[in-house]
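Trainee: The structure follows.
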Amino acid sequence: MKNINIVVLFPHGLEEVGATELKRFGAKCIQIMRGSVFCKVDTQCFYRVHLQARLPFRILREISNFKCIGKESLYRAIQNSFDFKEWLDPSKSFRVDVSGINSELNHSHFTALQVKNAIIDLQREIWGQRSFINLNSPDVCIHLHIRYESATLSFATSSSSLHRRGYKPAIGIAPLKENIAAGLLEISNWDESLTLVDPLCGSGTFLLEAASIARGISPGLNRTFLFENWPDFNLQLWLAEKELARQLFKPKKNLPKILGFEKDIDIYHQAIINIKNANLQDDIEIRLGRYNEFRFPNEEGIIVCNPPYGKRIGDEKDLRILYKDLGDFLKINASGWHLWLLNGNSKLSSFLGMKCSRRFPISNGGIDCRWMHYQIH
């Protein structure tokens, strides 16, 4: 695995900062696409990305590319796509995921069934037995992407999304995904020299990601990856990269103030559970109550928040009052601060009563949002 091609899937809107993150780890030949980034990596970079990258949803290792017109050509191409004796003998379970369509293969479930049948038939021909299908925790996760008359077969490096850090069994209502929060913090240019406040912190995702970044916690250190069972897995190099990732942790560093407010007592307790699970209770403070019931920090810093949009949570008429109250409070109490607000309803953001200086399109759970920057005066 000296040089391999990977496709890294990102939330739409975070492709640019995702590509920057990959470049920082040593990726080459970077090509940015909608919702993904293609790049070339060596083995060290491949492992480093899995241990340290904060923004990906999934990472796919490209195995083969072939012409794909219909189910017959797909069947033949799959059976010739990789060395089954080395990668997928019947003792290993697998799952097939499909994205994309063409005129003949226009239903992902049907296409996945053709891939599965081609693999099982070849296994029976070689060994006289077949693999089991495991949808939740397969040994091998096969991904097929179809674009017009071409197809790419890849192996996914994890069976579930990489945005899950493991600290959030308590997620609240309509939670912000961890990788999106990390990407938004990257766009905001927040660093550990600045106080960070979330006046509507919910289950604490912004706060948790900020503290994790400041502490140098590598999000992949405690995760098990599917590539650890691949035939070209390099255990020695993997252990060396894990040790380097561990050394990034800063146990004695004094962090800036990272503060959140939450008025709902149940969600507040969820946030406390998440913070304890992440072992960041000494680095994050959450206060129970509305933000305007407390004295705001006296130093300048950054405010980040993800208020309701009136689509999953809240009535739009009531939310107008929330946005207006937030804007009025910040103009009085946070002059000189920067506000970054994730907004999925442009009608509501106008009630802040402030002029947005920059905005970045972000897809948050399928909702077209804007990451909006305000200089508070």
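The values are calculated or read from the model by the stated rules, or taken from the named source; none is laboratory data. On a predicted model such as this, the values are computed, not experimentally measured, just so you know. Cβ atoms come from the backbone with ideal geometry, glycine included; neighbour counts cover every protein chain shown.
Trainee: Scan Ser212, Ser218, Ser203 and give me the residue that is at negative phi, outside any helix (DSSP H, G or I), of a type in the set (Ser, Thr, Tyr) and at pLDDT 95 or above. Step through it out loud before you land on a result.
Mentor: Numbers: Ser212 fails: outside any helix (DSSP H, G or I); Ser203 fails: at pLDDT 95 or above.
So the residue among Ser212, Ser218, Ser203 that is at negative phi, outside any helix (DSSP H, G or I), of a type in the set (Ser, Thr, Tyr) and at pLDDT 95 or above is Ser218.
Trainee: Restricting to the range 219-241, name every residue that is farther than 21 Å from Leu280 by Cβ and either touching a Gly at 6+ places or on another chain (Cβ under 9 Å) or among the acidic types (Asp, Glu) (or both).
Mentor: Glu228, Asp232, Glu241
Trainee: Right, next: Residues being within 22 Å of Phe110 (Cα to Cα), among the small types (Gly, Ala, Ser) and not in a helix (DSSP H, G or I): count how many of those fall in the range 50-73.
Mentor: Number satisfying all stated conditions: 2.
Trainee: Turning to a different aspect of this structure: Take the range 360-369 and flag every residue that is crowded, with 20+ Cβ neighbours inside 10 Å and either over 17 Å from the mean Cα position of the chain (by Cα) or of a type in the set (A, V, I, L, M, F, W, C) (or both).
Mentor: As a first pass, look at the range 360-369 and keep what is crowded, with 20+ Cβ neighbours inside 10 Å: 362, 364, 369.
Of everything in the range 360-369, those that are crowded, with 20+ Cβ neighbours inside 10 Å and either over 17 Å from the mean Cα position of the chain (by Cα) or of a type in the set (A, V, I, L, M, F, W, C) (or both) turn out to be Ile362, Cys369.
Trainee: Any residue at all in the range 108-119 that is surrounded by fewer than 17 Cβ atoms within 10 Å (Cβ to Cβ), out of contact with any helix residue (DSSP H, G or I) (no Cβ under 8 Å at 6 or more places or on another chain) and either at positive phi or not in a helix (DSSP H, G or I) (or both)?
Mentor: Looking for residues that are surrounded by fewer than 17 Cβ atoms within 10 Å (Cβ to Cβ), out of contact with any helix residue (DSSP H, G or I) (no Cβ under 8 Å at 6 or more places or on another chain) and either at positive phi or not in a helix (DSSP H, G or I) (or both), one finds none in the range 108-119, hence no.
Trainee: A further question on this structure: Before we move on, is Lys67 in contact (Cβ under 8 Å) with a residue 12 or more places away in the chain and surrounded by fewer than 16 Cβ atoms within 10 Å (Cβ to Cβ)?
Mentor: Spelling it out, Lys67 is indeed in contact (Cβ under 8 Å) with a residue 12 or more places away in the chain and surrounded by fewer than 16 Cβ atoms within 10 Å (Cβ to Cβ).
Trainee: From the list Phe25, Phe38, exactly one residue is aromatic (Phe, Trp, Tyr), farther than 21 Å from Gln247 by Cβ and over 12 Å from the mean Cα position of the chain (by Cα). Which is it?
Mentor: Phe38
Trainee: Checking the structure you have, find out if any residue of the range 82-102 is in contact with a Gly (Cβ under 7 Å, 6 or more places away or on another chain) and either outside the structural domain of Ala210 (by TED's automatic domain parsing) or surrounded by fewer than 16 Cβ atoms within 10 Å (Cβ to Cβ) (or both).
Mentor: Of the residues in the range 82-102, the ones in contact with a Gly (Cβ under 7 Å, 6 or more places away or on another chain) are none.
Among the residues of the range 82-102, not one is in contact with a Gly (Cβ under 7 Å, 6 or more places away or on another chain) and either outside the structural domain of Ala210 (by TED's automatic domain parsing) or surrounded by fewer than 16 Cβ atoms within 10 Å (Cβ to Cβ) (or both), which makes the answer no.
Trainee: Could you identify the single residue in Thr195, Thr224 that is surrounded by fewer than 22 Cβ atoms within 10 Å (Cβ to Cβ), in contact (Cβ under 8 Å) with a residue 12 or more places away in the chain and out of contact with any helix residue (DSSP H, G or I) (no Cβ under 9 Å at 6 or more places or on another chain)?
Mentor: Thr195
Trainee: Oh, and also: Which numbered condition in (1) crowded, with 21+ Cβ neighbours inside 10 Å; (2) touching a strand residue (DSSP E or B) at 6+ places or on another chain (Cβ under 6 Å); (3) more than 24 Å from Ser131 (Cα to Cα) is the only one that Phe46 fails?
Mentor: With respect to (1) crowded, with 21+ Cβ neighbours inside 10 Å; (2) touching a strand residue (DSSP E or B) at 6+ places or on another chain (Cβ under 6 Å); (3) more than 24 Å from Ser131 (Cα to Cα), Phe46 is out only on (2).
Trainee: Same structure, new question: Could you give every pair whose Cβ atoms fall below 6 Å, whose first residue belongs to the range 1-14 and is over 14 Å from Asn65 (Cβ atoms), and whose second residue is polar (S, T, N, Q), counting only separations of at least 6 or pairs across chains?
Mentor: Met1/Thr43; Leu9/Ser36; Pro11/Ser363; His12/Ser363; Gly13/Ser363
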